[in-house]
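See below for the structure under consideration.
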Amino acid sequence: MNDMTPSREDRVANLKGLGTSRKRVEDARFTQGKGNYVDDVKLPGMLFGDFVRSPYAHARVKAINTDEAMKVPGVLAVLTAKDLEPLNLHWMPTLAGDKQMVLADGKVLFQGQEVAFVVAEDRYAAADGVEAVEVEYEELPVITDPFHALETDIVLREDLEAGADGAHGPRKHHNHIFLWEEGDEAATEQAIGEAEVVAEEMVYYHRTHPCPLETCGAVASMDKVNGKLTVWGTFQAPHVVRTVASLLSGIEEHNIRVISPDIGGGFGNKVGVYPGYVCAIVASIVTGKPVKWIEDRMENLMSTAFARDYWMKGKISATKDGKITGLHCHVTADHGAFDACADPTKFPAGFFHICTGSYDIPVAYVGVDGVYTNKAPGGVAYRCSFRVTEAAYFIERMIEVLAIELGMDAAELRAKNFIKKEQFPYTSALGWEYDSGDYHTAWEKALKSVDYEGLRKEQAERVEAFKRGETRKLLGIGLTHFTEIVGAGPVKNCDILGMGMFDSCEIRIHPTGSAIARLGTISQGQGHATTFAQILASEIGISADSITIEEGDTDTAPYGLGTYGSRSTPVAGAATAMAGRKIRAKAQMIAAYLLEVHDDDVEWDVDRFVVKGAPERFKTMAEIAYASYNQAIPGVEPGLEAVSYYDPPNMTYPFGAYICVMEIDVDTGEHEIRQFYALDDCGTRINPMVIEGQVHGGLTEALAIAMGQEIAYDEIGNVKTGTLMDFFLPTSWETPNYTTDHTETPSPHHPIGAKGVGESPNVGGVPAFSNAVHDAFRAFGLRQSHMPHDHWRIWKTAHDLGLHG
Amino acid sequence: MAKTHITLTVNGEAKELLVDPRELLIHTLREQLDVTGPHIGCETSHCGACTVDIDGKSVKSCTLFSVQANGADITTIEGLGTPDELHVLQQAFREHHGLQCGYCTPGMITRAHRLLQENPNPTEEEVRFGMAGNLCRCTGYQNIVKSIMAAAAEMNAAQEAAE
């Protein structure tokens, strides 16, 4: 090696690869206002579409009169179900095997449902047209309670054949969707029946909404000259949208180009296919002009993609000294008017059966009844991997309730029941194979970091001071140890509308040694352009700064299932590493040829192949790339490209330990987060800066959900929280600072050991905040209260416990 | 509907245009003038994605008629820095990971710019209070606050060096 060669350390640093807090390449555009979001797409002659929506939650549509609307200047068309019916597009399939009205076909089933689509020259004319459409409704009785739905004679879905099976088996009532079960119920009942201690509780995880700052929208442009349809949209899964668009419209898939441009946050809201997308496409086909549809905020909160709404009845049993012996859970799941949950096909309750959590529970059962009500459809994974947030909240509440029943410290109860490090890979009672974990180490680190013993002592003193009348504030210590299941998923059991949940990466190395890689995923703020380049840099020895990452254009990117459920790093990240390894394998042959040695006589060293035992003889990746384009190499094709479609062998199982310390004012119901400590173990860490940012953001969404955010309905199905005045999004003023920490337990089956992190803070954060509230009142007899813990509810809790004198 | 003639100064350039009396400033900016940095997030003044600077004040342009802005001097994110010379805040947001999806960022930086004019040396509490009209769904604000504090320190240091 001559003196000009940089040191190995310098060469590694130059890559900006794995483990580097590399600054984001996306930011130059975004900080200068040069992002390109769907509403920024502007095409010549573009029209605007807007919906007439139902003011009623349940009503028959007797007549729709569009005559006056058509007289409004600028209005070109008004579409109703009658117009879509000849195209068979008045209904559309949902991701959950149900079907959903695109436009009201004879009746409406939730407030805000799409009734007619007005197409006009600009958005103001479209809004005028919406005002002028006359719809005659006949009100029907409204059902907003899922328990009532299963008892009433009122039939919500008259389109479904009575007594016929649904997509997931028999329906036991006309408002029932499915019963989905896992585990051994008889053995679980027996274990609970024989147990020394049993705790029972109804745990409700209320209905909420992902509410990204950018609402949903699309621009459809049918070019009748060349027969190509282009759709820009807020799509978290653009390739699946293309396939669905082709199946629904009959346009061949090669003639459809779907583009997800920059997306202003998704959090699950942008996984589904919505009537607005369908109507924009139809309107463009009908008019021959581009048509834009953009939701306003009220439409977003009322109609696209609610999350949660799970009533979870739990029983957990243990020995007197706190060893858990069984867990039973029955969920009544309110799915709204159509079953449009965004789950892998075979999992109508998502991965809810991760609800045994971090604990070694010998026997368990879970049953989920899906129910129709007069609420919006959705059931998306709001920063969550398919009902994992519900599962984590359930088990972390049940542990707390069991601790109360046992009279035991909740931290000690957790530690006593954690799956031990040596038990991994661990098969849970509900059938998951946890790939790796080291819960005790994380837990001990967390408890020590916050001085848990000191906090408990302070809390006990506070309770005494409160009883003596010296303070009106209580102290809550919210504990959570969560286990996530992400990275859906193995094609053998995970698909969306029949598409296996693999993901992909295609790499091209340019002659001068820089590269472009395209993936089947799509960033919505996660920073893929930054982090995927880092994965690749470490694999192929080209600096991340010399690698362009592209996603979201189905004409150029390889097919993939998109970004949600923390699947991008576990699946597309793995594809990136695997494609990189293919590049390296070919590069090895080229290097050996150039160095005139046998393939096996060279070895990889950061950014080059060197001759074994002769480090001064090497070819850098840049030299190899150049040679691949300008030399005839016997037995090797020209060029340096690779593609990988990665089918993960298993999910990944990130975990974490969160502790929230909260002050609660008993008289006002106000709270103050004094400290929030978040330890995450997401396996190999690609970019610590980005991970920390993900944790801050996810925790703030968790704060919102736990402490105030909900989609609430009144008894006649009016949405009470349809604007940002009523729907709680925390500001910088309400949001605390967080302390982040980590342990690192790599996934044994992932090529680089990474597990995904985006959703962990939401999954673990909600129980941590909620447990803090509950814990503050534990000394006064509180077992369970429902989220969100807004000021009124906390005040009411204190009041009901007799703390107001 | 009869249109109204208005004049605006947008990022230093004089503009003359015809607007509907009911046209909102955010639509005039985005659709007539192709100034697409400010975004629409709620249309009710809550989220601040549409924040622009009008005659020295932070204004949510989604709830202001363009005719009300007649004669105004408007600065948007596009007017704060150039690709060759970024504003200190634009650099600080990148340096401290003060953004993720980028949708709130133009409004956030435009508001922060005005905040630091109003209070060049704010405490963390003052930043949190002064930025409370701009919502972010991705970052949890911690790094936004950090970015603004860092930008303030840098601007103050530059100011001192100049004096």
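Observations
- Restricting the stretch B:92-119 to residues that are polar (S, T, N, Q) and more than 8 Å from chain A (Cβ to nearest Cβ) leaves a set whose member that is farthest from the chain's Cα centre (by Cα) is B:Asn119.
- Whichever residue in the stretch A:668-698 is closer than 30 Å to A:Leu803 by Cα and hydrophobic (A, V, I, L, M, F, W, C) and, among such residues, is surrounded by the most Cβ atoms within 10 Å (Cβ to Cβ): A:Phe676
- Of the strands (runs of 3 or more DSSP E) lying entirely inside the stretch B:10-76, those containing at least 2 residues that are under 15 Å from the mean Cα position of the chain (by Cα) and within 19 Å of B:His87 (Cβ to Cβ) are B:51-54, B:57-60, B:73-75.
- Residues within the stretch A:3-27 that are surrounded by 15 or more Cβ atoms within 10 Å (Cβ to Cβ), aliphatic (A, V, I, L, M) and either away from chain B (no Cβ under 14 Å) or in a helix (DSSP H, G or I) (or both), tallied: 3
- Some residue of the stretch A:734-750 being in a loop (DSSP other than H, G, I, E, B), touching a helix residue (DSSP H, G or I) at 6+ places or on another chain (Cβ under 9 Å) and closer than 28 Å to A:Met298 by Cβ: yes
- Just one of the listed residues (B:Ala150, B:Ala162) is in contact with a His (Cβ under 7 Å, 6 or more places away or on another chain) and more than 10 Å from chain A (Cβ to nearest Cβ), namely B:Ala150.
- Identification of helices (runs of 4 or more DSSP H) wholly contained in the stretch A:107-195 with 1 or more residues that are within 14 Å of chain B (Cβ to nearest Cβ) and in contact with a strand residue (DSSP E or B) (Cβ under 6 Å, 6 or more places away or on another chain) yields A:123-132.
- A single entry from A:Val244, A:Val231, A:Val198, A:Val225 fulfils the requirement of being more than 14 Å from chain B (Cβ to nearest Cβ), surrounded by fewer than 24 Cβ atoms within 10 Å (Cβ to Cβ), under 30 Å from A:Ser566 (Cβ atoms) and among the hydrophobic types (A, V, I, L, M, F, W, C): A:Val244.
- Criterion violated by A:Arg778 - all others in (1) buried (at least 23 other Cβ atoms within 10 Å of the Cβ); (2) at pLDDT 95 or above satisfied: (1)
- Exclusive hit being under 20 Å from the mean Cα position of the chain (by Cα) and either surrounded by fewer than 24 Cβ atoms within 10 Å (Cβ to Cβ) or not in a loop (DSSP other than H, G, I, E, B) (or both), set A:Ala342, A:Ala349, A:Ala376, A:Ala333: A:Ala333
- Condition met for A:Ser504 (without any contact (Cβ under 8 Å) to a residue 40 or more places away in the chain and among the polar types (S, T, N, Q)): no
- Pair list, Cβ < 8 Å and 6+ apart or interchain, from the stretch A:249-275 residues that are part of a helix (DSSP H, G or I) to residues that are of a type in the set (Asp, Glu): A:Pro275/A:Glu114
- Qualifying residue in the stretch A:403-422 (condition: in the same structural domain as A:Met787 (by TED's automatic domain parsing), of a type in the set (Lys, Arg) and within 25 Å of A:Met312 (Cβ to Cβ)): yes
Conditions tested, residue by residue: (1) buried (at least 21 other Cβ atoms within 10 Å of the Cβ); (2) under 23 Å from A:Gly513 (Cα atoms); (3) free of Cβ contacts under 8 Å to residues at least 40 places away in the same chain.
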{"site": "A:Asp555", "(1), (2), (3)": "no, no, no"}
{"site": "A:Tyr564", "(1), (2), (3)": "yes, no, no"}
{"site": "A:Ser568", "(1), (2), (3)": "yes, no, no"}
{"site": "A:Gly573", "(1), (2), (3)": "yes, yes, no"}
{"site": "A:Gln588", "(1), (2), (3)": "no, yes, yes"}
{"site": "A:Asp607", "(1), (2), (3)": "yes, yes, no"}
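- Hits in the stretch B:59-87 (condition: over 20 Å from B:Leu17 (Cβ atoms) and either at the interface with chain A (Cβ under 8 Å from one of its Cβ atoms) or crowded, with 19+ Cβ neighbours inside 10 Å (or both)): B:Lys60, B:Ile77, B:Leu80, B:Gly81, B:Pro83, B:Leu86, B:His87
- Restricting the stretch A:456-493 to residues that are in a strand (DSSP E or B) and of a type in the set (A, V, I, L, M), the residue that is farthest from the chain's Cα centre (by Cα): A:Leu474
- Identity of the residue in the stretch B:12-52, surrounded by fewer than 19 Cβ atoms within 10 Å (Cβ to Cβ) and of a type in the set (A, V, I, L, M), that ends up nearest to the other protein chains (Cβ to nearest Cβ): B:Leu33
- Residue ID - nearest to the other protein chains (Cβ to nearest Cβ), chosen from residues in the stretch A:686-712 that are β-branched (Val, Ile, Thr) and in a loop (DSSP other than H, G, I, E, B): A:Ile686
- Qualifying residue in the stretch A:253-267 (condition: within 14 Å of chain B (Cβ to nearest Cβ), in contact with an Asp or Glu (Cβ under 9 Å, 6 or more places away or on another chain) and within 21 Å of A:Ala120 (Cβ to Cβ)): no
- Some residue of the stretch A:516-534 being in the same structural domain as A:Asn14 (by TED's automatic domain parsing), under 19 Å from A:Ala642 (Cβ atoms), over 27 Å from the mean Cα position of the chain (by Cα) and of a type in the set (Gly, Ala, Ser): no
- The lone exception for A:Arg518 - which of (1) modelled with pLDDT of 95 or more; (2) not in a strand (DSSP E or B) it fails: (2)
- Per the listing A:Ser566, A:Ser538, the residue uniquely more than 14 Å from chain B (Cβ to nearest Cβ), on the phi > 0 side of the Ramachandran plot, outside any strand (DSSP E or B) and among the hydroxyl-bearing types (Ser, Thr, Tyr) is A:Ser566.
- Residues (of a type in the set (Lys, Arg) and either within 27 Å of A:Leu247 (Cβ to Cβ) or crowded, with 24+ Cβ neighbours inside 10 Å (or both)) located in the stretch A:87-133: A:Lys99, A:Lys107
- Answer residue from the stretch A:713-729, given it is assigned to a loop (DSSP other than H, G, I, E, B) and of a type in the set (A, V, I, L, M, F, W, C) and is surrounded by the fewest Cβ atoms within 10 Å (Cβ to Cβ) among those: A:Met725
The values are calculated or read from the model by the stated rules, or taken from the named source; none is laboratory data. Please read all numbers here as calculations on a predicted model, not as lab measurements. All Cβ positions, even for glycine, are placed from backbone atoms using ideal geometry, and neighbour counts span all protein chains on display.
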